[in-house]
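> The structure follows.
The values are calculated or read from the model by the stated rules, or taken from the named source; none is laboratory data. Everything numeric here is computed off the predicted structure, so don't read it as measured data. Cβ placement follows ideal geometry from the backbone for every residue including glycine, while neighbour counts extend to all protein chains displayed. What goes into the accessible areas is simple: the full protein's heavy atoms, side chains included, and nothing from ligands, DNA or RNA. Shrake-Rupley method; radii C 1.70, N 1.55, O 1.52, S 1.80 Å.
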Amino acid sequence: MALDVRTITAAEFPDWLRAKHTGFLQAPTRVEQEAERRLPHTDLARTQGVFESGRCVATFRSFAQELTVVGGATVPADAISNVTVTPTHRRRGLLSRMTATDLAAAKERGEVVATLIAAEYPIYGRYGFGPAAWTTEWEIDVPRAGLDPRWAGPSASDGGRIDLVSAADVRKLGPALHERLRARQHGVINRDARWWDVHTGVVQPGPEPWKEPFFAVYSNASGEVDGLVAYRSDTHWGDAKQPLQTLTVAGQIAVTPAAERALWHFVCSIDWVTTVRSGYRAPDDLLPLFLPDPRAARIVTQADWLWVRVLDVVRALEARAYAVPGTLVLDVHDAAGLSDGRYRLEASPSGASCTRTTAAADLALDVRELGTLYLGDESPARLAALGRVEELTPGAVAVAEGMFRAARRAWCPDMF
């Protein structure tokens, strides 16, 4: 039977959600209530479905996003989410058709990159995406950490303080704090008002009842809030009636090292808690080194997270900062034709210029490798060693290494 690939209507949204749940192996129940809750916040012009005999068998959605790049500037991004193909309709090119349609439309709209968080690693490289930011989660053995068991909040010399706050307080102070974070941390994406409504219980986030976490803020000596943490705990007790609680951090924002230290010490100082799960953090997070014994924090997750696909090479490369001056001619291969071409990049710490050129190339790479390099998290030398970047001019890889790498690793704190 014919497969119809197109944007969906409001009336088809419940069936689209049912197909999405099926693809993610989630119970496809109560979709009418979910549709009523989500439809006002869904751009149907950017929501695709594949239909066979009136039934949705594949889903794809995108939305506008802002991505912070190296140096603190932001670029408009095409954020892709809710991508599924029903098991009965795999291997028919449906994902390829939906992706091609979406990326072409994003390019036409003037979005500089596309982003996504991949459920499976092998899928998206063939569409020009590269893993640009990774994530790490630690589990802390609190008794082994070596912290003062009586109190592990701000030191007397710090002058700051920790306070528990309500969800309503977080709704007021959280957005400004997040804006301060994304002005300084590449890889961070914007959060709209609905994000804060969902994560503070103003609106029902899903079919399950809202379970409010605990919220704590760190204020510096001047009274300005520099950090926020949300956390939950289980209620596990051992056979000898000793508390063995595991605290899980649901999210943490800190815009100073003092705020980071104070918030991590705080969650590790709570009575009954013997294990702390950090949630997803940057791979070079300071957390382990805040502990007197860093071995108390063991890595339990380390994986790719944010994937980037460059749509406009000139605007993308001109938007980000470069640590050292340099000039490179990049020969970018893009099978989809969206970013294919040769580009001359002249960059310095004060700015960058990127133009199309016919000059001989210094480096040749696929657009997926350009996405991997874009946020400064990966080494051009490593990619060259893997055969994924080709050095055409001797010394060009070393130049790229100095130009593209960032002092700290990229980090995206959000799932989308």
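> If you check every pair at least six apart or on different chains, which have Cβ atoms under 9 Å apart with a residue in region 134-155 that is basic (Lys, Arg) and at pLDDT 95 or above first and a residue that is in a helix (DSSP H, G or I) and open to solvent by 10 Å² or more (accessible area, probe 1.4 Å) second?
These pairs meet every condition: ARG144/ARG295.
> Note down all Cβ pairs under 9 Å where the first residue falls in region 400-412 and is open to solvent by less than 20 Å² (accessible area, probe 1.4 Å), the second is part of a helix (DSSP H, G or I) and of a type outside the set (Phe, Trp, Tyr), and they're at least six residues apart or on different chains.
Listed by first residue and then by second, the contacts come to ALA400/LEU373; ALA400/PRO380; ALA400/ALA381; ALA400/ALA384; MET403/PRO380; PHE404/LEU373; PHE404/PRO380.
> The conditions are (1) touching a residue at least 60 places away in the same chain (Cβ under 8 Å); (2) under 21 Å from ARG298 (Cβ atoms), and ALA250 fails exactly one of them. Which is it?
The one condition ALA250 does not meet is (1).
> Going by the structure shown, is TYR218 open to solvent by 10 Å² or more (accessible area, probe 1.4 Å) and touching a residue at least 12 places away in the same chain (Cβ under 8 Å)?
For TYR218, the condition - open to solvent by 10 Å² or more (accessible area, probe 1.4 Å) and touching a residue at least 12 places away in the same chain (Cβ under 8 Å) - is not met.
> Could you give every pair whose Cβ atoms fall below 6 Å, whose first residue belongs to region 103-118 and is open to solvent by 10 Å² or more (accessible area, probe 1.4 Å), and whose second residue is of a type outside the set (A, V, I, L, M, F, W, C), counting only separations of at least 6 or pairs across chains?
Here the result reads GLU111/PRO76; GLU111/ASP78; ALA118/TYR124, each pair linking region 103-118 to a residue that is of a type outside the set (A, V, I, L, M, F, W, C).
> So, in region 234-252, exactly how many residues are open to solvent by 40 Å² or more (accessible area, probe 1.4 Å) and under 18 Å from VAL170 (Cβ atoms)?
2
> From VAL255, VAL267, which residue is among the hydrophobic types (A, V, I, L, M, F, W, C), surrounded by 18 or more Cβ atoms within 10 Å (Cβ to Cβ), touching a strand residue (DSSP E or B) at 6+ places or on another chain (Cβ under 8 Å) and closer than 30 Å to SER348 by Cα?
The conditions single out VAL255.
> Run down ARG55, ARG109 and say which single residue is over 20 Å from GLY337 (Cβ atoms) and charged (D, E, K, R).
The unique qualifying residue is ARG55.
> From (1) assigned to a helix (DSSP H, G or I); (2) basic (Lys, Arg); (3) open to solvent by 70 Å² or more (accessible area, probe 1.4 Å), pick out the condition that doesn't hold for ARG91.
Exception for ARG91: condition (1).
> In addition: Would you pick out the residues in region 125-142 that are out of contact with any Ser or Thr (no Cβ under 9 Å at 6 or more places or on another chain) and either open to solvent by 10 Å² or more (accessible area, probe 1.4 Å) or within 15 Å of THR248 (Cβ to Cβ) (or both)?
GLY125, TRP134
> Here's another thing I want to ask about it. I'd like the residue in region 42-81 that is aliphatic (A, V, I, L, M) and assigned to a loop (DSSP other than H, G, I, E, B) and, out of all such residues, is most open to solvent (accessible area, probe 1.4 Å).
My answer is ALA73.
> Looking for whichever is open to solvent by less than 50 Å² (accessible area, probe 1.4 Å), acidic (Asp, Glu) and either part of a loop (DSSP other than H, G, I, E, B) or touching a residue at least 60 places away in the same chain (Cβ under 8 Å) (or both) here; the options are ASP163, ASP158. Which one fits?
From the options ASP163, ASP158, the qualifying one is ASP158.
> For region 1-41, how many residues are open to solvent by less than 60 Å² (accessible area, probe 1.4 Å), out of contact with any strand residue (DSSP E or B) (no Cβ under 6 Å at 6 or more places or on another chain) and either touching a residue at least 60 places away in the same chain (Cβ under 8 Å) or at positive phi (or both)?
Residues in region 1-41 being open to solvent by less than 60 Å² (accessible area, probe 1.4 Å), out of contact with any strand residue (DSSP E or B) (no Cβ under 6 Å at 6 or more places or on another chain) and either touching a residue at least 60 places away in the same chain (Cβ under 8 Å) or at positive phi (or both): 3 in total.
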